[in-house]
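Input: a single structure, listed below in structure tokens.
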Amino acid sequence: MPTAPLPDSFCLVMTTTASEAEAESMARQIVQARLAACVQVQAIKSFYVWETQPCEEREWLLLIKSRTTAYAALESFIKHHHRYETPEVVQLPITAGSADYLRWLALHTEG
């Protein structure tokens, strides 16, 4: 049986969008481009400061499961397709995970 890829080969990337349609479109394109194996989309409410003003907005959170080696391409894709002036693009390492899931993630991503 093949061994699972090393856990540090994978990451979770987060971004937010202003609309469900934008989030779903971006999620589809990311998966179709094999920049991620899975993108989950969830409605959230964000509280933040923008240009010295406190804000609270409904947003859509994308949780993007990908390879660490695909991060640069994924960040570039998000910045290019995003309407925010400064979109959130945050990478978190996956330090452990089910061997079966990590094999599946490796199979459905390029990098």
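The values are calculated or read from the model by the stated rules, or taken from the named source; none is laboratory data. Treat the numbers as computed from the prediction; the structure is a model and nothing was measured. Backbone-built Cβ (ideal geometry, glycine too); neighbour counts: all protein chains shown. Accessible surface is based on the protein model in full, side chains and every heavy atom, while ligands, DNA and RNA are left aside. Shrake-Rupley method; radii C 1.70, N 1.55, O 1.52, S 1.80 Å.
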Check your understanding: Which condition number does Ala21 fail, the rest of (1) part of a strand (DSSP E or B); (2) open to solvent by 50 Å² or more (accessible area, probe 1.4 Å) being met?
Key -> (1)
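Within the range 57-111, which residues are in a strand (DSSP E or B), over 20 Å from Ala21 (Cβ atoms), open to solvent by 40 Å² or more (accessible area, probe 1.4 Å) and without any contact (Cβ under 8 Å) to a residue 60 or more places away in the chain? So that I can check it myself, show each step before the final result.
Restricting attention to the range 57-111, the residues satisfying the condition of being in a strand (DSSP E or B) are 57-67, 90-93.
Among the residues that remain, those that are also over 20 Å from Ala21 (Cβ atoms) are: 65-67, 90-93.
Filter once more, so that each one left must be open to solvent by 40 Å² or more (accessible area, probe 1.4 Å): 67, 90-93.
Within the range 57-111, just Arg67 meets the criteria.
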Review point. So which residues in the range 81-107 are more than 17 Å from Met26 (Cα to Cα) and in contact with a Lys or Arg (Cβ under 7 Å, 6 or more places away or on another chain)?
Key: Leu105
Review point. Is one or more of the residues making up the range 24-37 touching a Lys or Arg at 6+ places or on another chain (Cβ under 8 Å) and within 19 Å of Leu105 (Cβ to Cβ)?
Key: yes
Review point. Is there a residue being open to solvent by 40 Å² or more (accessible area, probe 1.4 Å), of a type in the set (D, E, K, R), part of a helix (DSSP H, G or I) and touching a residue at least 60 places away in the same chain (Cβ under 8 Å) anywhere in the range 29-42?
Key: no
